[in-house]
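So the structure is just underneath, and the comments pick up after that.
No lab work stands behind these numbers, since they all come straight from the coordinates. A quick note: this is a predicted structure, and the numbers were derived from the prediction, not measured. Note that we place each Cβ from the backbone using ideal geometry, even for glycine, and neighbour counts take in every protein chain shown.
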Amino acid sequence: MTLLVSGLHAGYGQLEVLHDVSIEVARGEILAVVGSNGAGKTTLLRAISGLIKPTSGSITLEDRAIAGKPPEKMAGFGLTLVPENRLCFPSLSVRDNLMLGAWTKKGRGDVDAVLELFPRLKNRMSQAAGTLSGGEQQMVAIGRGLMADPTAIMLDEPSIGLAPKVVSEIMEVLARLCSEKQLAVLLVEQNVRASFKIAHRATVLHRGSVALSGTPAELIELPEVRAAYLGGGDAS
């Protein structure tokens, strides 16, 4: 497995949020992690990316042990995080925001590849990122993560605050990246319908623990998943 998390415990000070969490994602695969607010989804990404230090458990990326490593080392290892709310640098141009993602490559990131994925950014390269729409800022954030040429990319709620059409566009790009670039994609998302359309497997977190795992098709058939995340309806 490209990214393997085993028996992970993590939290903040005396508050343990994650309890014995194990997940795995291979190259060319999308794993959706879903759950209600407070389930531990963002904490999981923070622990994997080094923003918080796990209290126990292991994390490996391409057989390299990375648990507890500083976050500034992760991009060099091949792991990037696209954070919630995009966190673009508003006063910097789109180009400069993208180039910040290539610092481990000494500025040699593939801008053309990002623009091929997100062609609407081509005419925005000199524009301040803070003046873009929410969807365009999300494209910049994902593009910035790709500039490090990762083997695994993690995304925290990429659909938040976006129109349905833009959400579909973002999800299509993630599916394309997974297929064409053979990236391992860890997708934390409250929009279960959108994430289940592109994910190969899914994990449900509940109160910091893995409650359910399986393919989206398998999980959709479970009454508790339909009631909690799909409003009792189907995923179409």
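What the table shows:
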item	result
Leading residue by the ranking (nearest to the chain's Cα centre (by Cα)) among those in the stretch 58-79 that are within 16 Å of Gly7 (Cβ to Cβ) and surrounded by fewer than 18 Cβ atoms within 10 Å (Cβ to Cβ)	Thr60
Members of the stretch 34-68 that are β-branched (Val, Ile, Thr), farther than 30 Å from Leu230 by Cα and out of contact with any helix residue (DSSP H, G or I) (no Cβ under 8 Å at 6 or more places or on another chain)	Thr55, Thr60
Subset of the stretch 1-18 that is loosely packed, with under 13 Cβ neighbours inside 10 Å and either of a type in the set (Val, Ile, Thr) or not in a strand (DSSP E or B) (or both) - its residue that is farthest from the chain's Cα centre (by Cα)	Gln14
In the stretch 32-66, the residues that are of a type in the set (Asp, Glu) and in contact with a Gly (Cβ under 9 Å, 6 or more places away or on another chain)	Glu62
Qualifying residues in the stretch 80-102 (those that are surrounded by fewer than 18 Cβ atoms within 10 Å (Cβ to Cβ) and within 20 Å of the chain's Cα centre (by Cα)) - the one nearest to Ala184 (Cα to Cα)	Glu84
Residue within the stretch 162-176 that is buried (at least 18 other Cβ atoms within 10 Å of the Cβ), touching an Asp or Glu at 6+ places or on another chain (Cβ under 7 Å) and farther than 17 Å from Thr80 by Cα present	no
Gly35 being buried (at least 16 other Cβ atoms within 10 Å of the Cβ), closer than 19 Å to Arg201 by Cα and touching a residue at least 24 places away in the same chain (Cβ under 8 Å)	yes
Residue match in the stretch 19-38 (condition: part of a strand (DSSP E or B) and of a type in the set (S, T, N, Q))	yes
Criterion (surrounded by 21 or more Cβ atoms within 10 Å (Cβ to Cβ) and farther than 25 Å from Ser93 by Cβ) met by exactly one of Leu212, Leu186, Leu230	Leu186
Whichever residue in the stretch 192-209 is without any contact (Cβ under 8 Å) to a residue 60 or more places away in the chain and in contact with a Pro (Cβ under 9 Å, 6 or more places away or on another chain) and, among such residues, is surrounded by the most Cβ atoms within 10 Å (Cβ to Cβ)	Ala194
